[in-house]
1. Would you tally the residues in the range 1-42 being among the small types (Gly, Ala, Ser), touching an Asp or Glu at 6+ places or on another chain (Cβ under 9 Å) and surrounded by 16 or more Cβ atoms within 10 Å (Cβ to Cβ)?
2. Specify the residue that is surrounded by the most Cβ atoms within 10 Å (Cβ to Cβ); the eligible residues are those in the range 412-437 that are of a type in the set (Gly, Ala, Ser) and modelled with pLDDT of 95 or more.
3. Write out, first by first residue and then by second, each pair whose Cβ atoms fall under 7 Å of each other, whose residues are 6+ apart or on separate chains, and whose first residue, in the range 273-289, is farther than 15 Å from residue 263 by Cβ while the second is polar (S, T, N, Q) and in a helix (DSSP H, G or I).
4. Among the residues of the range 133-141, is any within 16 Å of the ligand (Cβ to nearest atom) and touching a strand residue (DSSP E or B) at 6+ places or on another chain (Cβ under 9 Å)?
5. Could you grab me the full set of residues in the range 238-256 that are more than 23 Å from residue 292 (Cβ to Cβ) and surrounded by 14 or more Cβ atoms within 10 Å (Cβ to Cβ)?
6. Please indicate, with yes or no, whether at least one residue in the range 420-431 is touching a residue at least 60 places away in the same chain (Cβ under 8 Å) and over 18 Å from the mean Cα position of the chain (by Cα).
7. Residues 371, 302, 324: which one is assigned to a loop (DSSP other than H, G, I, E, B) and farther than 30 Å from residue 253 by Cβ?
8. Cβ-Cβ distance below 7 Å, separation of 6 or more or different chains: which pairs start in the range 370-399 with a residue that is within 17 Å of residue 428 (Cβ to Cβ) and end on one that is assigned to a helix (DSSP H, G or I) and polar (S, T, N, Q)?
Amino acid sequence: MDLHRLTIHELSGMLKKGEIRSRDIVDSLFKRIDHTEGKIAAYMTLTRDLAYEQAEKADSLIKSGKAGYLTGIPIAIKDNICTKGIRTTCSSKILEGLVPPYDATVITRLKDAGAVFTGKTNMDEFAMGSSTENSAYALTKNPWDTERIPGGSSGGSAAAVSADECIAALGSDTGGSIRQPAACCGVVGLKPTYGRVSRYGLVAFASSLDQIGPITKDVTDSAMLLNIIGGHDPLDSTSVGTPMPDFTGSFEGGIKGVRIGIPKEYFIEGMDIEVERSVMDSISILEGLGAIKKDISLPHTDYAVASYYILATAEASSNLARYDGARYGFRTKNAKDLFDMYIRSRQEGFGPEVKRRIMLGTYALSAGYYDAYYRKAQQVRRLIKEDFDRAFESVDVIITPTAPTPAFKTGEKTQDPLKMYLSDIFTISVNLAGIPAISIPCGFGSGDLPIGLQISGRHFDEETLFRLAYAFEQSTEWHKRRPAI
Ligand code: GLN
C-alpha cells in the first residue's frame, strides 16, 4: 500500500492496530521522496537517518501501548523553525552552516508526541515572499504544474504535503505564508490566532505577526496538529493561556445557523473569474448545509497591504540587525577590519528581497518618517482590527478567496515586487488583526490548478473554523485530488 499517500488519522489508526509500523511509513515516504524530490525540490535538508531512529523509538512505544496519535507519524518542518542538531537556514545564505543548539517549542512538543522528522523545507529567504523564489538555495516547483510556483513563503512545506513527500508539515504565516501556498498546492493550511502557538525558536521576521501552523492533507489532520503544538509556553511572552479544547471535537454538530460574512471589499472587479466562481459555489454549498450568508463590509481593507508592508518591514529591519557575521552563520572572507566585516557579511549574505525590506523598514522607522509611516500604519492596523471586531458582532466567520489567482508561473512576478506583494491581498488583514484563518481546497481552475477558500474567525475560535471547514470537506471531494507527479 502507498502509505505516503495517507493522512495522520488514517495512519495512526493503522499503527495502533499493529497493521503497520512507523518504519514502513518512513520507507514508503523516502521511496516517494527519491522518486519525486528531483522534480519538486521541496526540501532544504532531508533527515533520513534521524527519521529511522525516531521511527524505531516510536514503534517500541506503540508496542508498549504508550503511544499518542502522532507517535510514528512523519512530519516536515519549515526551515525557519529551530531544530537542535539539524541545520536551519531560513533559506538564507547568511545562516549558512547554522546548526541550532536548541529546539523550538513546537519541535519539543512534536518530539514529546513521538513524531518523526523527514526534514526541513525550502522557503522564501526569511519568509519574505509569496512564491518561494526568494530562497537562496533551491527553486521549489508546484506539484500540480512544475512550471508554476508552489506559493510562499512556506512553499516547500505545502509542496511536500501535496506531493506526498511527508504526511503533514509545519509552516509559518506572517502575511499569508501558510494559507497562500496551501491554496496553490491544494492542501489545508491553518494560521492560528496570534498567541495560540509559541513562537519560541521560530526565527523572527515580523514578531507581532508571525505565527506557526499546520499544513495538512485534510481538516482533521490540521486539528490534530494544532492540539499538539498549541497552548501556553512560558518561553514566549506573547503566547496566551487560553484553554486548549480538543480541536478534533469541533467537528460535531454540523453548521446549521452558522452565520458566514461575505465582505464586499474582497469581491472586486478584476478578480480571477475561476477563483470567484469556485468561492461562490462553495458559499452555496455551505448555505446548503444550513449556514446563513450575510453581506458585510470591512471598510479599511484597501489599506491592509500598505500598512502590512510598513509594519512587517520595520519589524524585519530590527529583527535582522542581529545577523552580522560575528558569531554564527555566514562571514565574508574579504573584510579589511571589523566594521567592514559587518558590512560585507550582510552585503554578501542577504538576498535582494531581504535587503529591500531592511531598507524600507529602516526608512519607515527613521527620525522624521516614523510618525508619517510607522505610527500611521499602526493606527491603520487598529482600524482594520476594529473592522473585524464589528463584523464578528453579526457573523461567526468570514469567507473570502485565499489568493486572487491560482499558482502563477515561475518568474512571472519576480521583476515586480509590488505585483508579488498583491498575492497576499486577501490574507494579510488576518495577520494584522491577529485572528485565525484556514485555507481549504475548494475547486480547480483550468490547467488543473487548485483554488483555496479562506475562512477567518474570532480570536481563539479555531473551533468554528474547523467545524465549517470539516462540514465543507465532508460534502466535497476537492481535498482528495492529488497531483499526477
Ligand atoms: N508574502 C508575504 C510577505 O512577503 C507574507 C510572508 C509570510 O507570511 N511570511 O511578506
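The values are calculated or read from the model by the stated rules, or taken from the named source; none is laboratory data. All values derive from a computational prediction rather than experimental measurement. Virtual Cβ from ideal backbone geometry, glycine too; neighbours counted across all protein chains shown.
1. 3
2. 429
3. That search, which allows pairs on different chains as well, returns nothing.
4. Residues of the range 133-141 within 16 Å of the ligand (Cβ to nearest atom): 133-136, 140.
With touching a strand residue (DSSP E or B) at 6+ places or on another chain (Cβ under 9 Å) added as a condition, the list becomes 135, 140.
Yes, the conditions are met somewhere in the range 133-141.
5. Answer for the range 238-256, where residues must be more than 23 Å from residue 292 (Cβ to Cβ) and surrounded by 14 or more Cβ atoms within 10 Å (Cβ to Cβ): 238, 239, 240, 242, 244, 245, 247, 248.
6. No; the residues of the range 420-431 include none that is touching a residue at least 60 places away in the same chain (Cβ under 8 Å) and over 18 Å from the mean Cα position of the chain (by Cα).
7. One residue alone meets the criteria, 324.
8. 377/307; 380/307; 381/307; 384/429
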